[in-house]
Amino acid sequence: MKVKKFIDLAVRSSLALILIFKLAPSYKPRKIDSEIQRIVKEIKESPKNNKAVCIQPELFSKEDNSISKIKEDSLHSIILRVADRYNLDPALIKAVIKVESSFKPHAVSYRGAKGLMQLMPVTLRAMGVDDPFDPELNIDAGARYLKKLLILFDNNLELALAAYNAGIKKVRMYRGVPPFRSTRRYVRRVLYYYRKYREEMGDNVCLLQD
């Protein structure tokens, strides 16, 4: 009798699961909000660069007072070296630094992210960084990690930035920018500053076109 009840219960459970899966709506990737799409479009329509090949003395706008939180000359040269090393736009690296730490080399988040590009301990170890508060080591590791994310997500900038903020697993799980308010705000802010810094650079950066 007990065996019969057990079999009956198992059959009913299986039928219930089949019904749930049939009725459940198919997953559709979340769309990136319109503001992010607009900013990305504007960035893509601006002159495209592969590699900075010649730089004039003034990369950063004198009106950008946030840069004063660290010696301008040292940060200027570090960003240019790292951007050239990993074939990244220096304006993008600067935008990430601005949003992550506001140019504070000794910044530490409540989650334990450290330095200018706010790298987590596990990322720092993976990148072989012993001193996360060393500006050059931190920017180099952050740029290297960002480059890996861009490659991983087929040069989709918004997905790479979302992964930088929320993690690779979350981006894959949601098949796009995760629906977290903090992550979406993060992506919008980085793209905003990226566009802003590119415009400020103007002809100060000589670019190698495709």
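The values are calculated or read from the model by the stated rules, or taken from the named source; none is laboratory data. Predicted model only: the values in this text are computed from it and were never measured. We place every Cβ from the backbone using ideal geometry, glycine too, and count neighbours over all the protein chains shown.
Descriptive notes on the structure:
- Selected residue (criterion: nearest to ASN165 (Cα to Cα)) from residues of region 80-117 that are in contact (Cβ under 8 Å) with a residue 40 or more places away in the chain and in a loop (DSSP other than H, G, I, E, B): LEU116
- Tally, over region 118-128, of residues that are buried (at least 19 other Cβ atoms within 10 Å of the Cβ) and either in contact (Cβ under 8 Å) with a residue 24 or more places away in the chain or assigned to a loop (DSSP other than H, G, I, E, B) (or both): 2
- Residue under evaluation VAL177, criteria (1) in contact (Cβ under 8 Å) with a residue 40 or more places away in the chain; (2) crowded, with 20+ Cβ neighbours inside 10 Å; (3) under 27 Å from LEU75 (Cα atoms), criterion not met: (3)
- Against the list (1) closer than 19 Å to LYS196 by Cα; (2) at pLDDT 95 or above; (3) not hydroxyl-bearing (Ser, Thr, Tyr), the condition ILE139 fails is (1).
- All of (1) loosely packed, with under 14 Cβ neighbours inside 10 Å; (2) under 18 Å from the mean Cα position of the chain (by Cα); (3) at pLDDT 95 or above hold for ASP131 with one exception: (2).
- Of all residues in region 134-169 being without any contact (Cβ under 8 Å) to a residue 12 or more places away in the chain and farther than 25 Å from LEU75 by Cα, the one that is surrounded by the fewest Cβ atoms within 10 Å (Cβ to Cβ): ASP154
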